[in-house]
Each structure stands twice: as C-alpha cells, then as structure tokens.
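A.B. asks: Dropping the structure in here first, questions after.
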Amino acid sequence: MPDPLAAQPPSRHPDPQTRRDPEKAMIRAHLATFPPRAAVLERTLASILPQVDRLFLCLNQHDAVPAAIAADDRITAIIPDRDLKDAGKFAFVPGDDDIVFTIDDDILYPPDYVARTVAAFDLLPGEDHVLGYLGNAWMAKGRDGVTGWKTFMYHKRAPHVVKVDVLGTGTACMRGRHLPRLDEIADAAGFVDLRHARLHTQAGRRMWSLPRAEDWMQSLMTEELKATALFTTVALARDAAMTQEMHRMLAERGPHSGLQLAQLRNRGLL
C-alpha cells in the first residue's frame, strides 16, 4: 500500500534550514532527560538538532548543565527545582504559531523526521489535529472483536494514517498554541501521555499516528536503561494516579479509534 503522505506536494510550512529569524514562528523540539540517559542523549541531540530552529531541554536531577550543551547556542537548557520527569517537556512556553515536537532522549530521529512530519499538516491542519508516530487506540481486535489496546510502535512499519486515542509524547507534533502548559500537566508527571491526550480530546482535537517504514525511527533503549524507564517505574508498577488518569481518558475519548484516515473520509466521518 503506498504511503498516503509520500506523494504530498512540498509543504507550505517553513523549512528550518532556510528560516532562522527569531522574530518569526519557529520549529522547536522539547525534551526532558535525567542523568542515567547521558550516554544516549548525545545521539538523540545529534539526530534532531539539525532539523529544528531550537531545542528546549529540561535537565531533571542535574547539578549543572553539561559543558557541551551549555556551549551549543541552539539549545535552551534549564535545571528545574524539582524532578519534573516527562512533564519537563512542557516547562517551556512556545509562540502560538510555532511548530512543537515533543521528543524523548532514547530515540534516534531520522534526517527527514521534521520535514516529513510538518508536511503532514498540509493533509491534517494543525488547528484541529495532533500528529505522531507512537499511538494507542482502544478498539475491537481479532476475530472475536474483543476490545483492548492496539499499539502502533514508532519503529514498526505502519502503512496508514490512523486515528488514535493517545500519542506518545516522544514522537508528537502540534502547534504552539495547543501545547499543554506545565501547570496543566505537572501532576501527571510519569504518565503525561495520558494527560496530554485528555487535554487535546477535551479541546476537540484529533490525534493521528502517521505512516512510516520499519526502523525509520530507531530506539536507543538498552537493557541497562530499562530499569529506570518510566514504563518500568510507573506503567508496569500500575501507579494508582496513572490508572485513574487512564480511566478518565477512556471515558472522555472520541469515536473512531483505530480507523484509517481514508476509511473515515470514505464514510463521510471526517
């Protein structure tokens, strides 16, 4: 099946390689990290920095800004007064018209990641849609139609644009005016993907998992790092606050989970 985004005409959105005027809307990446990720962080930064105007970095649990980061004028770094965990991605306030990528410190982003994602806003305008590559849809699955989670992993092949209920904030993209603010999301630290999804749904915005080839994006997660990952320390631990947030998200989610964009349009549902 051809990639429905691959044949799109050149995007009408600005190219970060040709626009560096700080007075204009920028393409920016927001990232939160902590010391155990230092070894892989360098590779993540090298993959994303050439593609954005600026990177905003929350250094949880750090005593000082690492010298290489402090010396890079493309990076704005802060050390918060408390551990914000993944909520640190939302510690920065963008311009309304900025394009914001929320990213993770254990992903290797391909060279066309930003350009390809921004081009998708020509198909799904940013006023009403949030885009990404790690998605979860609560839907009927298998021959028996049992309802459960279907996960679209960012490093796995996905040939279609699919409506999802949750986007992983390591691979999400939205307009600056729609980025949740820290005070809206801080109490969901450790499971911000769920709060992030709820806030967009409450605002009437749809979330989509975009097409990609196998291993277009790559994980930098190692066995040594898994023990400190939020998936291990929060999700697998079935944190009570996270479970409550998930129940609220499921109660509030919109219709058509797991359906392809083409299917929705053919049925007149979009």
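The values are calculated or read from the model by the stated rules, or taken from the named source; none is laboratory data. In this text, all values refer to a predicted model and were calculated from it rather than measured experimentally. Using ideal geometry, Cβ is built from the backbone for each residue, glycine included, and neighbour counts are taken over all protein chains shown. Just so you know, the surface numbers come from the protein's heavy atoms only, side chains and all, with ligands and any DNA or RNA stripped out. Shrake-Rupley method; radii C 1.70, N 1.55, O 1.52, S 1.80 Å.
A.B. asks: Considering only segment 31-78, how many residues are touching a Ser or Thr at 6+ places or on another chain (Cβ under 8 Å) and β-branched (Val, Ile, Thr)?
C.D. replies: So the answer is 1.
A.B. asks: Further, regarding this structure: Of the conditions (1) closer than 27 Å to residue 221 by Cα; (2) within 15 Å of the chain's Cα centre (by Cα), residue 138 clears all except one; give me its number.
C.D. replies: Single failed check for residue 138: (2).
A.B. asks: Here's something else I'd like to know. Would segment 212-229 turn up any residue that is at pLDDT 95 or above and more than 26 Å from residue 39 (Cα to Cα)?
C.D. replies: Yes: one or more hits.
A.B. asks: Let me ask something additional. Looking at (1) within 21 Å of residue 109 (Cα to Cα); (2) assigned to a helix (DSSP H, G or I); (3) at pLDDT below 95, can you tell me which one residue 241 breaks?
C.D. replies: The number of the failed condition is (1).
A.B. asks: Could I ask something else about it? Check residue 166 against each of (1) open to solvent by 30 Å² or more (accessible area, probe 1.4 Å); (2) farther than 18 Å from residue 54 by Cβ and name the one condition it does not meet.
C.D. replies: For residue 166, the exception is condition (1).
A.B. asks: Taking the conditions exactly as written (modelled with pLDDT of 95 or more and buried (at least 22 other Cβ atoms within 10 Å of the Cβ)), does residue 102 satisfy them or not? Before the answer, list the steps.
C.D. replies: Values: modelled with pLDDT of 95 or more: yes; buried (at least 22 other Cβ atoms within 10 Å of the Cβ): yes.
The answer is yes for residue 102.
A.B. asks: Out of the residues in segment 112-149 that are touching a strand residue (DSSP E or B) at 6+ places or on another chain (Cβ under 6 Å) and of a type in the set (Ser, Thr, Tyr), state the one that is surrounded by the fewest Cβ atoms within 10 Å (Cβ to Cβ).
C.D. replies: 147
A.B. asks: Among the numbered conditions (1) at pLDDT below 95; (2) open to solvent by 60 Å² or more (accessible area, probe 1.4 Å), tell me where residue 16 comes up short.
C.D. replies: (2) is the only condition that residue 16 fails.
A.B. asks: So for segment 117-125 (the condition being under 17 Å from residue 170 (Cα atoms) and modelled with pLDDT of 95 or more), does at least one residue qualify? I'd like the intermediate steps shown before the answer.
C.D. replies: Applying the first criterion (under 17 Å from residue 170 (Cα atoms)) to segment 117-125 yields 117-118.
Filter again for modelled with pLDDT of 95 or more, leaving 117-118.
Yes, there is a match, as at least one residue in segment 117-125 is under 17 Å from residue 170 (Cα atoms) and modelled with pLDDT of 95 or more.
A.B. asks: A further question on this structure: Working only within segment 63-94, note down all residues that are closer than 13 Å to residue 30 by Cβ and over 18 Å from the mean Cα position of the chain (by Cα).
C.D. replies: Initial filter on segment 63-94 (closer than 13 Å to residue 30 by Cβ): 75-78, 84, 86-94.
75, 76, 77, 78, listed by residue number.
A.B. asks: Hey, another quick one. Between residues in segment 13-40 that are within 22 Å of residue 84 (Cβ to Cβ) and assigned to a loop (DSSP other than H, G, I, E, B) and residues that are at pLDDT 90 or above and open to solvent by less than 40 Å² (accessible area, probe 1.4 Å), which pairs lie under 7 Å by C-beta distance while being six or more apart or on different chains?
C.D. replies: 34/60
A.B. asks: Does segment 27-44 hold any residues that are open to solvent by less than 70 Å² (accessible area, probe 1.4 Å), farther than 19 Å from residue 181 by Cβ and out of contact with any Asp or Glu (no Cβ under 8 Å at 6 or more places or on another chain), and which are they?
C.D. replies: 35, 36, 38
A.B. asks: Let me ask another. Identify all residues within segment 169-189 that are open to solvent by 10 Å² or more (accessible area, probe 1.4 Å) and closer than 19 Å to residue 83 by Cβ; write none if there are none. Let's see the steps before the verdict.
C.D. replies: The first filter runs over segment 169-189 and keeps only residues open to solvent by 10 Å² or more (accessible area, probe 1.4 Å), leaving 175, 177-178, 181-184, 186-187, 189.
Scanning segment 169-189 gives 181, 182, 183, 184, 186, 187, 189.
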